[in-house]
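Step one of this worksheet: look at the structure below.
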Amino acid sequence: MQKLPKIKTQDEAEAALGAYSLASNRLAKVAAEMNLKLTDVRQRYEAEMTELAETMKAEEKRLHAWADENPEAFGKSRSLRLLHGVLGYRTGNWAVRLLRGTTAARAIALVKQVIGPGYVRTREELDKEAIIADRARYDARTLAKCGLAIEQGEKFFIEPEKTEAPE
């Protein structure tokens, strides 16, 4: 892309906004055309892809049931090589789970009591939304004493006219 000269006059700004607007509208039109074509392609393959995914899920269920019922086929291994691939079991990561009927709050209380509070996290963080909501109560010096400032930025924007872009 070429480097454009700096805008010096309002007429040049008008011309630049016109070019921006044309590009914006053409981009929207090209994106819409592309999305129509993508939707058409997606619809052409969606039914077959759904059917294939369902076939895979059904076959996985059957293979899993077979593997569970035939542990001797694996020998001492956790996987079994067959003509069309390998199936087996992978050991997952360790996980802590709640026993049936136990709530997280109850587990936290019991862990603190039985094992110790070192296994319970406490997370403190600023309630920025509350500080913003109460911003009228605190002046800048008070906030600065806390290492804070409340700011509201300004962002440049362009809203092009929605016109038909030339081909």
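The values are calculated or read from the model by the stated rules, or taken from the named source; none is laboratory data. Bear in mind that the values here come from a model prediction, so they are computed numbers and not experimental data. Backbone-built Cβ (ideal geometry, glycine too); neighbour counts: all protein chains shown.
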message = Among the residues of the stretch 107-120, are any in contact with a helix residue (DSSP H, G or I) (Cβ under 9 Å, 6 or more places away or on another chain) and either charged (D, E, K, R) or assigned by TED's automatic domain parsing to the domain that holds Lys61 (or both)?
response = yes
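Matching residues to (1) under 30 Å from Thr163 (Cα atoms); (2) of a type in the set (Ser, Thr, Tyr):
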| position | (1), (2) |
| --- | --- |
| Glu12 | yes, no |
| Ala31 | yes, no |
| Leu38 | yes, no |
| Leu63 | no, no |
| Glu69 | no, no |
| Phe74 | no, no |
| Tyr89 | no, yes |
| Leu98 | no, no |
query = For the stretch 109-167, which residues satisfy the criterion of being aliphatic (A, V, I, L, M), loosely packed, with under 10 Cβ neighbours inside 10 Å and within 30 Å of Ser21 (Cβ to Cβ)?
reply = Ile158
ask   = So which pairs qualify, if the first residue must be in the stretch 86-112 and within 30 Å of Glu72 (Cα to Cα), the second must be among the polar types (S, T, N, Q), the Cβ gap must be under 9 Å, and the two must be at least 6 apart or on different chains?
value = Val86/Ser79; Leu87/Ser79; Gly88/Ser77; Gly88/Ser79; Tyr89/Ser79; Arg90/Ser79
note = Pairs returned, first residue in the stretch 21-36 that is at negative phi and polar (S, T, N, Q), second residue that is modelled with pLDDT under 95 and surrounded by 13 or more Cβ atoms within 10 Å (Cβ to Cβ), beta-carbon separation under 8 angstrom, 6 or more apart or interchain, are Ser21/Pro160; Ser24/Pro160; Asn25/Pro160; Asn25/Ala165
request  = Within the stretch 1-32, track down each residue that is assigned to a helix (DSSP H, G or I) and aliphatic (A, V, I, L, M).
outcome  = Ala13, Ala15, Ala16, Leu17, Ala19, Leu22, Ala23, Leu27, Ala28, Val30, Ala31, Ala32
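What number of residues within the stretch 84-108 satisfy the criterion of being part of a helix (DSSP H, G or I), surrounded by fewer than 10 Cβ atoms within 10 Å (Cβ to Cβ) and among the basic types (Lys, Arg)?
So the answer is 0.
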